[in-house]
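So the structure is just underneath, and the comments pick up after that.
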Amino acid sequence: MSNFSFRLDEDKIARIKETFKEYIRPNNNEYIDTFIQKDDLTITIYKTRKVVFQGNDAFFYASAYLDPVKKRQAGSDEVGNGDAFGPIVVCAAIVEEEDYPYIEENHITDSKQLSDVYIRKIGKELMERFKHSLLILDNEKYNQVHLNNNLNAIKAKMHNKAYLNMKQKGYDIPAAAYVDQFCKVEDYYRYLFDEPEIYHDLIFETKAEEKYPAVAIGSIISRYAFLLQMDQMERKFNMVFPKGSSDTEQIAKTTEEFVERYGKERLKLVAKLHFKNFDAYR
């Protein structure tokens, strides 16, 4: 079941009520203005003007009330979750309508489709141009947090914090705010149940970094920050750490060398210890 939530102006809310007036149902929730149920679709309009579309056809109906893609939008993405070494990085960014010529001229797309050389070249420029929030969870903290949170829970909390940070900075976050979906929407919010504040006005889509420039920018800034963190780690330990996790032979060789030079206890400073690559060292 899909779930899309965002804040709408009074005119669009009035349009929804008029379009679905025969499907309005009674509700006793003091926070809900209008509850609509039509076949497999439910629309909940809160008194705060937050509107939630749920159901298999939720995106079809919700998209009618969103501005076109080439408008103001926000997006967030993460990198590092598939790397045996190095941090987890999440970035949320905002794109204004006037940014599109720049985005097209500079071939802004999903970071996985760009070389690290190009990301190093353009990353700082993106950080200076676009409003964003960047979060970096280093390996030592990651291994500590992972004792009580799985990887998806960690990512959910970081995405949530990235949007809250932008809100706290006073940024006007667009209604079209996308998350590159990595788990079911209900699980995303379940992971946040004990957080002091939750940013709800999000649209979840898989492969969002290929569809929405704001998500692509979030992914590039995240990758840029990840590369800088890896640079620092390599200077500190005078070693080269392989990226990714598929080259098991090289990871094993690097791990063995690191433990020999610095001891098993310090492995938590550079590696995600729950990866199978490090079974022998836990």
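Looking only at residues in segment 69-88 that are out of contact with any His (no Cβ under 6 Å at 6 or more places or on another chain) and part of a strand (DSSP E or B), the one that is farthest from residue 258 (Cα to Cα) is 73.
When residue 38 is tested against (1) in contact (Cβ under 8 Å) with a residue 40 or more places away in the chain; (2) of a type in the set (Lys, Arg); (3) touching a helix residue (DSSP H, G or I) at 6+ places or on another chain (Cβ under 8 Å); (4) over 25 Å from residue 100 (Cα atoms), exactly one condition is not met: (1).
Being out of contact with any Leu (no Cβ under 8 Å at 6 or more places or on another chain), of a type in the set (Lys, Arg) and either crowded, with 22+ Cβ neighbours inside 10 Å or not in a helix (DSSP H, G or I) (or both) narrows it down to one residue among 155, 124; which is it? So that I can check it myself, show each step before the final result.
Details: 124 fails: either crowded, with 22+ Cβ neighbours inside 10 Å or not in a helix (DSSP H, G or I) (or both).
That would be 155, the only listed residue that is out of contact with any Leu (no Cβ under 8 Å at 6 or more places or on another chain), of a type in the set (Lys, Arg) and either crowded, with 22+ Cβ neighbours inside 10 Å or not in a helix (DSSP H, G or I) (or both).
Remark: pairs (first residue in segment 136-149, touching a residue at least 24 places away in the same chain (Cβ under 8 Å) and assigned by TED's automatic domain parsing to the domain that holds residue 274; second residue surrounded by 14 or more Cβ atoms within 10 Å (Cβ to Cβ) and aromatic (Phe, Trp, Tyr); Cβ separation under 9 Å; 6+ apart in sequence or on different chains) are absent. The set of residues in segment 163-190 being over 17 Å from residue 6 (Cβ atoms), in contact (Cβ under 8 Å) with a residue 24 or more places away in the chain and either of a type in the set (Asp, Glu) or in a helix (DSSP H, G or I) (or both) consists of 165, 186, 187. For segment 202-212, give me the residue count where each residue is part of a helix (DSSP H, G or I) and surrounded by fewer than 22 Cβ atoms within 10 Å (Cβ to Cβ). Within segment 202-212, residues that are part of a helix (DSSP H, G or I) and surrounded by fewer than 22 Cβ atoms within 10 Å (Cβ to Cβ) number 1. For segment 213-222, the criterion of a residue being modelled with pLDDT of 95 or more, closer than 17 Å to residue 142 by Cα, in the same structural domain as residue 122 (by TED's automatic domain parsing) and buried (at least 20 other Cβ atoms within 10 Å of the Cβ) is satisfied by at least one position.
Only one entry in 192, 227 is surrounded by fewer than 20 Cβ atoms within 10 Å (Cβ to Cβ) and either within 30 Å of residue 107 (Cβ to Cβ) or more than 26 Å from the chain's Cα centre (by Cα) (or both), namely 227. Checked against the criterion of being under 30 Å from residue 165 (Cα atoms) and either modelled with pLDDT of 95 or more or assigned to a helix (DSSP H, G or I) (or both), the candidates 193, 241, 258, 226 yield just one match: 226. Checking the stated criteria, residue 54 turns out not to satisfy the condition of being closer than 30 Å to residue 278 by Cα and either in a strand (DSSP E or B) or at pLDDT 95 or above (or both).
The values are calculated or read from the model by the stated rules, or taken from the named source; none is laboratory data. Keep in mind that this is a model prediction, so the values were computed, not measured. So basically every Cβ, Gly included, is an ideal-geometry build from the backbone, and we count neighbours across all protein chains shown.
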